[in-house]
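Structure first, then comments.
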Amino acid sequence: MAQDDVFKKLVAHSKEYGYVFPSSEIYDGLSAVYDYGQYGVELKNNIKKYWWDSMVLLNDNIAGLDSAIFMHPTIWKASGHVDAFNDPLIDNRDSKKRYRADVLIEEHLAKIEDKISKEVEKARERFGESFDEKKFRETNQRVLANQAKIDELNERFSKAMNGTDLAELRQIIIDNEIVCPISGSRNWTEVRQFNLMFSTEMGSTLEGSSKIYLRPETAQGIFVNFLNVQKTGRMKIPFGIAQIGKAFRNEIVARQFIFRMREFEQMEMQFFVQPGTELEWFARWKEARMKWHQALGFGAANYRFHDHTKLAHYANAATDIEFRFPFGFKEVEGIHSRTDYDLSQHQKFSGKKIQYFDPEKGESYIPFVIETSIGVDRMFLQVLSASYAEEELKKEDGSTDTRVVLRLPACLAPVKLAVMPLVKKDGLPEIAEKIVNDLRFEFNCQYDDKDSIGRRYRRQDAIGTPYCITIDHQTIDDKSVTIRYRDSMQQERVNIEALRDIIKEKVSIVSILRKI
Ligand code: GAP
């Protein structure tokens, strides 16, 4: 199936099974804003717990924080967001569609990269085991020509972005004959800057009110609380502060479902280190974060690092962790070495000393910062994309059937087990209800007695429930039930008494946390 179709099906499935709804749907929706349904909110909470526990529970030197969304407006001046949190936008005069100029160029680069990948894959098929990819990339003329185009374009693009040269960005689009995906034309306007922050007024009277911003990242709430947490928690460098919370950006191009939203959630951790040690910590966090992703078992080949060559003025290293979504490899998380930029700026703008006294060195300094920043919603999309499967099943009579299954890691699944009486009589529903009432204190359980057992299994497969417990007449005789495993569809008979321990072991987040 084409990857575009997979993605469309995933979006439809998310809505049909209560994961994600378009916001304000009865009013025709609100662009790039989404609501999480009954299963979506559970999955989201489980993702957040996995992240929070991996940061705050497992590290003595990482503390949690929940700072307010509204903050003093000068914070955004100090951080650079008022002056520089802009995207270069360009309109196509024929389609009247608006684009990010940098994204148009990046997509053009990705197309050339795609051509190279296709050459490599074709050659791999042709040469089989003896294929030497490195040598092929170094010698194949078509690959070399395309790589030269990429390098040249990248250099020009970096220069234009770093120098905020909007005319040059437009010229790159013209020179590379980049067309509007809707109209197919090259009838472009000038490139203009567009600030991504939402603003509102705080205060009851017009005279007394002041302009404030909805935070575009949670990180600044951490920086302005650096001293509060360090002093009250008696934290010694190196230490980190972790926070999960909403962020808001007036994205120009909001596409691809929950990948790019105007209201979204971030999980950010700022790790404060001694100046001069930041690149060593950057490397450590890079490795730790990749391990965190891969521990979920979606396959190492679906992840890659994208090291930045264009660095923000305050960073001395940066990388993205990218995941292979149905629409290609895209950023899920950013890891940035932000130097002492943010704390220095807040020291300057607030006029308050923001320094750490290092007892070992006997001196005060502004710490350097390594940031790990991941979007909850993008992580959610990663988990759903990796879990969604359509399978063809062979039935006993030789015919085939299909099932849609969400192969969610059990620790993240919204519902851990569904308990089903085989028939609605003979005391089976009462036994099933008792099991649910016993286990609901520890696991999210569902009681389900509607339709045939086969249809009930399919329903649970579609929401990703890893275990279905069936109560049948044998249960009355020997207190045994069957567990049906979502992924293998195998069934096993176990004693009711053993259920709690079996399920607990399987759905526990601890086994995943131990891997990281
Ligand atoms: N504090 C650093 C920071 O905010 P970023 O690369 O702009 O860095 C970090 O964002 C992460 O937040 C991204 O890797 C992505 O997962 C998520 N994110 C950013 N913008 C988003 C949007 N419009 N919709 C959903 N997630 C977004």
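The condition of being within 22 Å of residue 168 (Cα to Cα) and assigned by TED's automatic domain parsing to the domain that holds residue 175 holds for only one of 111, 118, 135, that being 111.
Residues are listed down the side, and each one gets a yes or a no for (1) surrounded by fewer than 20 Cβ atoms within 10 Å (Cβ to Cβ); (2) of a type in the set (A, V, I, L, M, F, W, C):
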site: 20; (1), (2): no, yes
site: 35; (1), (2): yes, no
site: 52; (1), (2): yes, yes
site: 61; (1), (2): yes, no
site: 70; (1), (2): yes, yes
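All conditions but one from (1) within 27 Å of residue 110 (Cα to Cα); (2) of a type in the set (A, V, I, L, M, F, W, C); (3) within 10 Å of the ligand (Cβ to nearest atom); (4) buried (at least 17 other Cβ atoms within 10 Å of the Cβ) apply to residue 312; the one that does not is (4).
Quick one: how many residues across segment 404-430 are over 32 Å from the mean Cα position of the chain (by Cα) and either under 25 Å from residue 7 (Cβ atoms) or surrounded by 23 or more Cβ atoms within 10 Å (Cβ to Cβ) (or both)?
Residues flagged as over 32 Å from the mean Cα position of the chain (by Cα) and either under 25 Å from residue 7 (Cβ atoms) or surrounded by 23 or more Cβ atoms within 10 Å (Cβ to Cβ) (or both) within segment 404-430 amount to 2.
Please enumerate the residues belonging to segment 33-47 that are aromatic (Phe, Trp, Tyr) and in a helix (DSSP H, G or I). Across segment 33-47, the qualifying residue is only 39. A Cβ distance below 9 Å, combined with a sequence gap of six or more or placement on separate chains, defines the contacts here; from segment 334-347, residues that are farther than 19 Å from residue 308 by Cβ reach no residue that is β-branched (Val, Ile, Thr) and within 10 Å of the ligand (Cβ to nearest atom).
Just one of the numbered conditions (1) under 25 Å from residue 161 (Cα atoms); (2) away from the ligand (no atom under 16 Å from the Cβ); (3) not acidic (Asp, Glu) is not true of residue 234: (1).
Selection of segment 407-430 for residues being touching a residue at least 60 places away in the same chain (Cβ under 8 Å), aliphatic (A, V, I, L, M) and either in the same structural domain as residue 47 (by TED's automatic domain parsing) or within 15 Å of residue 468 (Cα to Cα) (or both) yields 408, 410, 413, 415, 417. Restricting the search to strands (runs of 3 or more DSSP E) fully inside segment 363-408 and requiring at least 3 residues that are within 16 Å of the ligand (Cβ to nearest atom) and not aromatic (Phe, Trp, Tyr) gives 368-375. Any chance segment 58-68 includes a residue that's part of a helix (DSSP H, G or I) and outside the structural domain of residue 442 (by TED's automatic domain parsing)? Scanning segment 58-68, I find no residue that is part of a helix (DSSP H, G or I) and outside the structural domain of residue 442 (by TED's automatic domain parsing), so the answer is no. Would you point out the residue of segment 489-513, among those that are modelled with pLDDT of 95 or more and of a type in the set (S, T, N, Q), that is farthest from residue 426 (Cα to Cα)? The residue in question is 490. A single member of 64, 18 is at pLDDT 95 or above and closer than 30 Å to residue 328 by Cβ, and it is 18. Within the span defined as segment 73-81, every residue fails to be within 30 Å of residue 209 (Cα to Cα), in contact (Cβ under 8 Å) with a residue 40 or more places away in the chain and out of contact with any helix residue (DSSP H, G or I) (no Cβ under 9 Å at 6 or more places or on another chain).
Only residues that are within 26 Å of residue 364 (Cα to Cα) and of a type in the set (Gly, Ala, Ser) were counted in segment 238-280, giving 3. When the residues of segment 285-341 are filtered to those that are in a helix (DSSP H, G or I) and within 14 Å of the chain's Cα centre (by Cα), which remaining residue is nearest to residue 239 (Cα to Cα)? Once the filter is applied, the top-ranked residue is 289.
When residues in segment 244-271 are screened for being surrounded by fewer than 17 Cβ atoms within 10 Å (Cβ to Cβ) and more than 10 Å from the ligand (Cβ to nearest atom), 2 of them pass.
The values are calculated or read from the model by the stated rules, or taken from the named source; none is laboratory data. Computed from a prediction, not measured in an experiment: that's the story for all the values here. Positions of Cβ are generated from backbone atoms using ideal geometry, with glycine treated the same way; all protein chains shown enter the neighbour counts.
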